[in-house]
Amino acid sequence: MALEQLSDVVQRCQALPDDSYTSEDHDVFSIAGQTCIEDGNSAQVLSIILDEKNQDLVRCMGWNLLPALIKVLLRKEDKHLHHCLAILNHLLETCRPKELLIGLLEQLEQDDAVTIAESIHLLLNPLQKVLLCLGSRKASSLSMTLSSVLDQVAKLPLPQTKDQEEDDVFSLCRCCTDLIVFIRPFVHEVRQHLLNSREQSENTDKTEGKQDKENELRTELLKFCMKSLSHPLLEVQLKDPDTLLVSPLRDFATEILNTLSDIGESLASLVHQPLLKRKQLPGFLEEEVRYPKESLASLTHLVFVHHLAADTFPSVFNPVFSLRCNMEHICFLLSRMEETRIQKGLELYEKSLVRVVDGSLPAELLEIKTFLTVPQNLVKVMTICSRHDLRIKSLKVFQLNIDKFDTEAKYNFFQYMLKISGHSGVEGYIIKNIKNQIDVTLQPGNSNTWFEGAHLLPLLRKVLILPDGPETDLLQYLDRVMESLNLLRYLVIRDKVTENQTGIWTELYKIEDMFMKPLRVGLNMSRAHYEKELQNTMEAKKSKAKEEPMLSVSVGDEKLPNMTSESQIQALHSALHTFDMIESVLVRIEELIDVKENL
């Protein structure tokens, strides 16, 4: 039935000019032709479309057969596969490019991951042929095609392990490889145009129209590279050659960077973009749209962490200059919530810092916003990130950051972090670093003006103080209090009264009033409160035959299971033990002071 309808409409249209075909002719040809292909009559359809008398009809209506053709070709096992491939190839040679483009892109839209990958693999080559037929008018069509393909690629799961990438279980690697093959002729065209432009710059006026077209094509390829850097390259963790010798995703990343170079983009300028004013080029989008922050951050990570395209990246840049540029990218990555971005931000920060000589970063850098924002982001990762390995990594990078500062920068950095951190553990870590820096300064030949004498005292005043006086929650501020006591004990032991290098002995009366006495009062208040709570809890437990919940705890709006009396007693004993530990250090400091002052 369908074959008869197709034959009838073809015969009727043979005698008509192509602008006389009716909408009914289009509908009958489309429905009958697709039905024939799906029913296994593709050989007859092939015969019809190859008939010389039907070429005007095929040129006008042939693209309507694409849905059925693609459906059969995706099935692969169909015995009429070779007929369908022949039909498709003839349509690509005969039909109008714009109609073919629309038809092919419609077939690209899929929902199932397997079908998406197969569709991309099947259709990219036909799409490339169609676009190349458009000549100088292809930029907007290439834009539409690349956007559609990348939208489909974004639906594919990302390989998380070496084996998943090696076996390409989600077909993402094949899609990326196909994409590189797809863009190659367009990249070559732009590259050739750039070379010709340099050689014939004196003929600019004569080729202005052509240059506009080439700039449009270059723009679309740049947009593709930027999108690819964002996804999938920013989302996946590339494997080093030692882990995976042949990595399709690493090869894809390399090709994207090479493509940027081929279309006239300097990788060094892209990495250093935050510090450089870029020239305005005709046909380009606004700066932030043209060079998205996440794409530039991804590119910088590829260059500095994975050393991709290293041969095209100048090695003459000062490590401090590179660090300054990279700080913008690091700040962007660490300010995100996604763990992949946080991990890449930590990796990039570490790689940027290790190239810098210890103790060489000057205090002036702290006037640059990112040099203060990035450590704040590190603190957030250290304290609230759910992944233990990222918390450990962030602490390591945080210390590396401190080590790179010179003494004045360390001094200013410590003051700033004590002011804004708001976290006892972080404050304790900073105080420990202050103690280590003082220890270095007091070594023979290491004297400096920042961690001894008049400069040191304002810093000590920020450290040797209780945040809320005697009412300070000693358990909440335990890390800070213990490190402050350790620092004070060290100063009393290390610095002689007669030398007073740190100024601790002239400042001691203030420290006693602002820190030691309030701490003693706070300890007594806290111990009395917890001893009373312990007594009440133990009495309540004895008075009841059945153990009942005694304490409820809430996190946010979620109420956690109640603590039993036994658990509460254990927690109270632990708190009292902590107070004993604090007091033992405090008593030891008081004894050392008495001994030193009486010498």
State log₁₀ I(q)/I(0) for region 17-82 at q = 0.22 Å⁻¹ as given by the Debye formula over alpha-carbon point scatterers of equal weight, solvent excluded. -0.92
Collect residues whose amide H, placed 1.01 Å from N in the peptide plane, falls under 5 Å from the amide H of Leu361; neighbours closer than 5 in sequence don't count. Phe405, Asp406
Please give the per residue volume of the convex hull enclosing the alpha carbon atoms of region 90-201, rounded to a whole number of Å³. 123 Å³
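Restricting to Cα pairs below 8 Å that are 6+ residues apart, what does the relative contact order work out to for the chain? Please round to a whole percent.
7 percent
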If I model a spin label at Lys462 and Asp580 as a point 7 Å from the Cα along the Cα→Cβ vector, what separation in nanometres do I get? 3.6 nm
Note to self: Kirkwood Rh of the chain, Cα pairs, one decimal, Å, is 30.3 Å
Above 20 angstrom, tally the Cα pairs of region 4-144 and express them as a % of all pairs, no decimals. 46 percent
Pairwise centroid distance, computed over Cα atoms, of region 134-196 with region 321-377, Å: 31 Å
Heavy-atom accessible area of Glu109, protein chains in place, probe 1.4 angstrom, given in Å² to nearest 10, is 100 Å²
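In region 80-135, how does Rg compare with the Kirkwood Rh, expressed as the Rg/Rh ratio over alpha carbon atoms?
On the way: Rg = 11.7 Å, Rh = 11.9 Å.
Answer for region 80-135: 0.98.
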Cα pair distances exceeding 16 angstrom across region 1-48, given as percent: 33 percent
Within the set Lys76/Lys162; Lys369/Lys432; Lys344/Lys393, which residue pairs have Cα atoms separated by over 20 Å? Lys76/Lys162; Lys369/Lys432
Could you work out how much longer the chain between Glu512 and Val289 gets when fully extended? Use 0.36 nm per residue separation minus the Cα distance between them, nm to one decimal. 74.4 nm
Relative contact order of region 1-107, please, whole-number percent, based on alpha carbon pairs below 8 angstrom and at least 6 residues apart. 28 percent
How many percent of the accessible area of the chain is carbon or sulfur, using a 1.4 Å probe? 51 percent
In whole Å, what are the Cα extents of region 347-474 along the three principal axes, biggest one first? 42, 40, 26
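Can you tell me the accessible area per residue over the chain, all protein chains present, probe 1.4 angstrom, in square angstrom?
49 Å²
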Under 20 Å by backbone N from the virtual spin label 7 Å along Cα-to-Cβ at Lys53, the residues of region 11-26 are 11-22, 25-26
Rounded to the nearest 0.05, what FRET efficiency is calculated for Ala310 and Leu81 with R0 set to 51 Å and r the Cβ-Cβ distance? 0.70
Could you tell me the convex hull volume per residue, in Å³, taken over the Cα atoms of region 437-506? 90 Å³
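Based on the Cβ-Cβ distance from Thr115 to His388, what FRET efficiency comes out when R0 is 30 Å, to the nearest 0.05?
Working from the Cβ atoms, E equals 0.20.
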Inter-site label distance for Phe321 and Lys369 at 7 Å from Cα along Cβ, in nm: 2.4 nm
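With r as the distance between the Cβ atoms of Asp406 and Glu24 and R0 = 60 Å, compute the FRET efficiency 1/(1 + (r/R0)^6) and round to 0.05.
0.10
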Over region 393-450, consider all pairs of different Cα atoms and compute the Kirkwood hydrodynamic radius from their mean reciprocal separation; express it in Å, one decimal. 12.0 Å
Toward the positive end of the charge dipole of the chain, about the Cα centre and with charges on Cβ (Lys, Arg +1; Asp, Glu -1), which of Pro319, Leu491, Val374 goes farthest? Leu491
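The values are calculated or read from the model by the stated rules, or taken from the named source; none is laboratory data. Keep in mind that what you see is a predicted model, and the values were worked out from it rather than measured. When we count neighbours, we look across all protein chains shown, and the Cβ atoms used for this are built from the backbone with ideal geometry, even at glycine. Surface accessibility is based on the protein's heavy atoms, side chains included, excluding ligands, DNA and RNA. Shrake-Rupley method; radii C 1.70, N 1.55, O 1.52, S 1.80 Å.
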